[in-house]
Amino acid sequence: MLMPESASLLGAADEEVRRQAVHALLGRPLDTSRALLWGALGDVSWRVRKEAVEVLVAARPGRDDINGLVSLLRDEANAGLRNATAEALIRLGKRAVPVLVGYLGDPDHDLRKLVVDALAAIGDRSALPGLVTALADDDINVAAAAAEALGASGDRSAVVPLLESLERHHHLFFRFNALAAIGRIGQPIPLPPVVAALAGEELLQPAVYDCLGRIGGDGDAADLLLAGVASALPTGRSAAIRALAAVLQRLDRQSRQVVVDALGQLADQGLLEYLQHASDSQDPSLAEAAVILLGTIGDQRGVPALMQAMGDERLASVAAEALRAMGTSALAPALERFPLADEGERVAICTLLGRIGQGGEAVERTILGALADDAAEVRRAALLAVASLPGAVLLTAVTGLLGDSDPAVRDAALQTLRLRSSSDSELIRAVAAQMLASDLPEQRHGAALLCAATGDCDQLARLIKDEDPVVREAGVRAVGRLRLEGSCPSLVMALVDEVEDVRIAAAEALGGCYCPTTGTEPLRLALQDPSPWVQAAALRSLVELAGDEALPDVLDLWQRGDAVAQLACLEAFDLIGAPEGFALVSQALGQRDGEVLKSAIEILARHTPELLTPWLSHILSHQDWDVRMTAVRACACLPDAERKLLLRMTLDREDHDLVRHAIQQLLDPP
């Protein structure tokens, strides 16, 4: 039965009036709203059509209504109606699958194609047998769409039917789709004869090679791709290079060596030059594959191209690995190029020398020159290389850059010294002592990091008393990283520092120093600190040291602390798992807000859902959508019937798309 008022409003000229009229149908039985919704699905306004889809999906239509929706797909005159109907069917998910599969034998090939597309978008496994059957469809568009859908499913059981369909269908469009689908599933298998045969068709070669790049893993596939690498057809050759670079990773050692030898023979037949050019391609996948093959061939003539590739963010790691694999054979050409190289390549050469990690007079001379380079990036790269290179001469040169004009270079010098602290501790201690005597706070700050790396507690104790608060904080954090019990007195003293950041650092560090006898009482006093950040840090450390015994302190801080402190309390309640804490958190839950409310919801849902349940209806109406989202997720802890009733009531009033989607996912999980 139609509703006269709604029917009248759906005929209004104003699209917002029509949209509101559709929205008013939400929650009404489809028996009374079906005709109106069907009509709204074909409205000229996409907003009205979208609203109709939302209302229809929420109504959870049964089999007969889903059949009715499918019939709307036959309307060739109204593209908007077909699109909205298809969206509704897709949104219905697996409930629509049995009905849709029943139409795969429909006489209308256009309808069959739309049905296959819908099944592909739904992605439910129950549709796979129907899609396999559709591979044999007389209409090539339907068959090709079925192949694409099976590829998107990623289901390995579809590989054999797809291979069989390649023998049955000779249409190029279908074969392209089927090869792409097999590749997308990506199951490594021995070279299928039908795929090998198709490589002989020039137009299909790129598709065959792309497919083999994803499924090939044996010598036969590699041989076929090697033939493609030598091809004169540019598109086929590029596809073969991409595929061979991928297949190489899956070959056993013997088969890989055969490929390496074959590539070496092809290198002097134009392949090396082609790969050098391809490594600079605008096609990222081709450039990466070319770099991999240049490294595989290991010819010194490829080093310049690999060095250039190291200057490209997209290829830097792959090129570095290729050069590293070449090892010492890449050293001589790299060192020879350094004096004439541009800035980017000089950076790349320094990085390479660090990765190879082999010393020697020529390497040392090059790095020393790079440490004095005019370009800050080159100096920085040289510093990082020293961390992996032997030699006290280089390390001594590093200390000269601790006062470099560029902050990134200074940081790199400090990082290198820290990395070398275990092998050159005496030198690093001497450098730290010099930095400690500096008038510059930045130098003393760096000294704290070096003292931490060498475990020099005596010097760190001095830094905790430094006149500069940034240095004091660095000293406290360095002591904390050492996690030594004897350092507790220094940290306790820092708990009363005049600067908040130092007190926070001290409170955090005490939690890891394994001194509960001397650390817990000062931390309890720090809970009275005027800074909530200090309170929070002190509480976390107190719980780490005292465990369950800290519960009275947590309960007290929860009652008087602000949001920052209360978040730390919630972490403690979660960790300790004390019923008293959860009971306290649940009190006046509806009056809380922001991050505290969200964390409280999550913790109660995890530990004591019965304390959360009375508040859920109220919180699901909260003004902040992210709070409502947290509450929706918490509804998963409710019994099924109670959850569905509460969420359906919430869905009727919810206006935020993300929250609505989360509710629908819980009501009708995929």
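The values are calculated or read from the model by the stated rules, or taken from the named source; none is laboratory data. Because the structure is a prediction, the values reported are computed rather than measured. Here the Cβ positions follow ideal geometry from the backbone for every residue, glycine too, while neighbour counts run over all protein chains shown.
Of note:
- Selected residue (criterion: surrounded by the most Cβ atoms within 10 Å (Cβ to Cβ)) from residues of segment 104-122 that are in contact (Cβ under 8 Å) with a residue 24 or more places away in the chain and touching a Lys or Arg at 6+ places or on another chain (Cβ under 9 Å): L114
- Of the residues examined, L394 is not one that is closer than 17 Å to R444 by Cα and in contact with a helix residue (DSSP H, G or I) (Cβ under 6 Å, 6 or more places away or on another chain).
- Checking the stated criteria, D75 turns out not to satisfy the condition of being at pLDDT below 95, farther than 21 Å from L651 by Cα and crowded, with 20+ Cβ neighbours inside 10 Å.
- Inter-residue pairs, beta-carbon under 7 Å, first in a loop (DSSP other than H, G, I, E, B) and in segment 652-667, second surrounded by 18 or more Cβ atoms within 10 Å (Cβ to Cβ), 6+ apart: E654/I663
- Among the residues of segment 329-341, those identified as within 20 Å of G369 (Cα to Cα) and either among the acidic types (D, E) or part of a helix (DSSP H, G or I) (or both) are A330, L331, A332, P333, A334, L335, E336, R337, F338, P339, L340.
- Evaluation of S438 against the conditions (1) in a helix (DSSP H, G or I); (2) surrounded by fewer than 20 Cβ atoms within 10 Å (Cβ to Cβ); (3) more than 39 Å from the chain's Cα centre (by Cα) shows that the sole unmet condition is (1).
- Per-region count, segment 612-670, residues among the hydroxyl-bearing types (S, T, Y) and in contact with a Cys (Cβ under 9 Å, 6 or more places away or on another chain): 2
- Tally of residues being modelled with pLDDT under 90, within 23 Å of Q559 (Cα to Cα) and over 32 Å from the mean Cα position of the chain (by Cα) across segment 591-648: 2
- Hey, V260 at negative phi, in a helix (DSSP H, G or I) and either surrounded by fewer than 23 Cβ atoms within 10 Å (Cβ to Cβ) or in contact (Cβ under 8 Å) with a residue 60 or more places away in the chain (or both) or not: yes
- Single condition G27 does not satisfy, out of (1) at pLDDT below 90; (2) surrounded by fewer than 19 Cβ atoms within 10 Å (Cβ to Cβ); (3) not in a loop (DSSP other than H, G, I, E, B): (3)
- Failed condition for A494, given (1) under 34 Å from the mean Cα position of the chain (by Cα); (2) under 22 Å from G475 (Cα atoms); (3) crowded, with 20+ Cβ neighbours inside 10 Å: (1)
- Helices (runs of 4 or more DSSP H) contained in segment 507-565 and holding at least 1 residues hydroxyl-bearing (S, T, Y), in contact with an Asp or Glu (Cβ under 8 Å, 6 or more places away or on another chain) and buried (at least 20 other Cβ atoms within 10 Å of the Cβ): 532-546
- Taken together, A452, A461 contain a single residue that is assigned to a helix (DSSP H, G or I), surrounded by fewer than 22 Cβ atoms within 10 Å (Cβ to Cβ), modelled with pLDDT under 85 and out of contact with any Gly (no Cβ under 6 Å at 6 or more places or on another chain), which is A461.
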